[in-house]
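Contents: one structure, followed by commentary.
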Amino acid sequence: MKQLRRATTAVHVRRRDLFKYADFRRAISAQFSSQIADALTTITLANVLVFKFSDGPSLTAMASTLVVSLIPLILVGPIAGDLTDRFDRVTLLSRGHIGRAIFTLLATLSALDVFAGGRAVGYICFCVLLGLTRILYTARATSLSFLVRRHELVAADSSSLILSVIAGACGSSIYFALTHRLPFTGFVVAALLQLFAARNYGRIETKIGGGRQSFNKLNYRRLFEHLRSPKTRFAMSATATHRFLLGICIASIAVMIDKSFNMQTTGYLAVLGFSAAGSFLGSISAEWISEHFPRRSVTVIAFALASFVIGIAAAFAHPRVALGSVLLCAFAFQNLRVRSDATIQANSPAASIGKIFAAYDVLYNTAYISGGVIGIAATSTFSYQAVLTTACVTYFASSMFFAKLNDGKVSKVLVVATHPSGHRSITPTLERQFAN
C-alpha cells in the first residue's frame, strides 16, 4: 500500500450543504418519512401478529430473523435492479410508496378482532411491504448519484444512513407514545407518512435515471465487464467479506452472552443494539474518514481494526468486552460500507446502475446472513474462543489481501476542478458554488 493518508484534503463536503439542493431535500425528507412509517408498521404488526417477542434462546431468535430476512432478499433482490433501470425512478418511487400506503391500510384488518382472516392479511401485507422495501431501497440509493456530485456521494450516503437510524427511533417512539394500545391508529399514521413520501418523491424535478430510453441503451456485455472491473470488484468483495465475518462474530458473541448469564433473547438483542450503535457512529464519521484516507486505506483499516477488537474479545471472553468489540467492528464496517456504496454509485453506467447496485446489495446482505448461520453452527460445535480467533485471523489476512489487491485507482494527482460529477444533473451555478 503506497499511501495511508491522502496527500491533500482540499475537497471538503459538509452534509448540511447538500440540503441546498432542492431535489436532494425532497428525496431525503421522503426517505425519512417513509422509514418512520416502516418502523411504526413493523412494530405494530409484530404486536398484532405475535403479541410478544420470543422468549426462547438467542439461537432460535437469530435463526428465525435470518430466515425472515433471507426471503425478500432471494425473491425480490435479483429483480429490484432490473425494475429500477426499466422504469423512471421518480415514478417508481412515487407510485411505490402509494402502494406501500395501500398495503399499510390493508394491514389494519389484522388489528380488527371482528375480521376472521385478519392474521393472514397481516402476514401477506408484511411480506409485500418487505418486497417493496427492497425495490424502493435500490431505486432510492441509485438516485443519489444523480442528485449530488461525485465527490459528495459519501456525505449523501452517510446522511441517508444517519437519518435511517433517527427515523427508526421516531417510529418506535410514536408507537409507544400513541399507538401501542390502539394498533389501528398506528397503521393509519404510517399510511399517511407513506403518502407524504410519495408526494415528495413525485416533486423531484431532476432526471434521476431509469425509464425505457435508458433501459434500451443497456449493453449486457458492458454490464458484465463493469462487474469485473477493478473498482467494482474491490468494493464488492471487501464489503461482502467484512460483512460475512461480522455475521459470524455477532452470532457467536450473542450465544456466548446467553450462556454466560442465561439471558435468553436478551443476548441477541444486546448484540444487535451495540451493532446498531457502532453503525450509527460509523455513518457519522464516514465523511471525515473518506476525506482523509483513500479507499484502499479505509478498507485495510476496517479489517485491521476488526481483527484487533475481535482478538481482544477472544482473549478475554467477557460479555462487556465482547459487546464493545461488536460496536467497534460495526463501526469499521459502516465506514467501509459507506465508501463502497459511493464507489458503486459513482462508477456505474447510468443504464445499468440499478442492476449493479442491486447485485452489490444482495451480495453483502447474503454474506451477512451466511455468516450468521455459520456463526450459530460453529459456536454450537466449537468453543467461543476458537470461533472468534478464527475470525480474528481471517480479518487480519483479509487486511493484507486488500492491501495488495488492485482497486482500480489511477495514479495521478487530481485538483478540485477535476472531480467528475458522475451522473450529474445539477445546474452549473450550483456546481460553481460548491466547487469554491
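The values are calculated or read from the model by the stated rules, or taken from the named source; none is laboratory data. What you see is a predicted model, and the numbers here were worked out from it, not measured in a lab. FYI the Cβ positions are ideal-geometry reconstructions off the backbone, even for glycines, and counts take in every protein chain you see. These accessible areas exclude ligands, DNA and RNA; they are computed on the full protein's heavy atoms, side chains included. Shrake-Rupley method; radii C 1.70, N 1.55, O 1.52, S 1.80 Å.
Given Ala342, Ala302, Ala276, Ala314, which one is at pLDDT 90 or above, surrounded by 23 or more Cβ atoms within 10 Å (Cβ to Cβ) and within 15 Å of the chain's Cα centre (by Cα)? Ala342 is the lone residue from the list that is at pLDDT 90 or above, surrounded by 23 or more Cβ atoms within 10 Å (Cβ to Cβ) and within 15 Å of the chain's Cα centre (by Cα). Considering Leu336, Leu323, Leu363, the condition of being farther than 27 Å from Arg89 by Cβ, part of a helix (DSSP H, G or I) and either modelled with pLDDT of 90 or more or in contact with a His (Cβ under 7 Å, 6 or more places away or on another chain) (or both) is satisfied by Leu323 alone. When we screen Val309, Val321 for residues that are open to solvent by less than 30 Å² (accessible area, probe 1.4 Å) and either free of Cβ contacts under 8 Å to residues at least 12 places away in the same chain or not hydroxyl-bearing (Ser, Thr, Tyr) (or both), the only hit is Val309. Number of residues in region 385-413 that are open to solvent by less than 90 Å² (accessible area, probe 1.4 Å) and at pLDDT below 90 equals 3.
Right, Thr185: among the hydroxyl-bearing types (Ser, Thr, Tyr) and more than 26 Å from Gly354 (Cβ to Cβ) or not? Yes. Filtered by the rule that a residue be aliphatic (A, V, I, L, M) and either closer than 19 Å to Phe316 by Cβ or open to solvent by 50 Å² or more (accessible area, probe 1.4 Å) (or both), region 359-384 gives Leu363, Val373, Ile374, Ala377.
Check region 283-298 and report whether any residue there is without any contact (Cβ under 8 Å) to a residue 24 or more places away in the chain and either in contact with a His (Cβ under 9 Å, 6 or more places away or on another chain) or open to solvent by 10 Å² or more (accessible area, probe 1.4 Å) (or both).
So far as region 283-298 goes, yes, one or more of its residues are without any contact (Cβ under 8 Å) to a residue 24 or more places away in the chain and either in contact with a His (Cβ under 9 Å, 6 or more places away or on another chain) or open to solvent by 10 Å² or more (accessible area, probe 1.4 Å) (or both).
When Val114 is tested against the conditions (1) β-branched (Val, Ile, Thr); (2) closer than 23 Å to Gln31 by Cβ; (3) modelled with pLDDT under 80, the lone failure is (2). Val11 fulfils the conditions (1) closer than 24 Å to Ser160 by Cα; (2) at pLDDT below 75; (3) within 19 Å of the chain's Cα centre (by Cα) except for a single criterion, (3).
Residues that are open to solvent by 50 Å² or more (accessible area, probe 1.4 Å) and of a type in the set (Gly, Ala, Ser), at least 1 per element: which helices (runs of 4 or more DSSP H) completely within region 118-207 meet that?
Because the criterion is at least 1 residues that are open to solvent by 50 Å² or more (accessible area, probe 1.4 Å) and of a type in the set (Gly, Ala, Ser), the helices (runs of 4 or more DSSP H) in region 118-207 that meet it are 118-147, 153-174.
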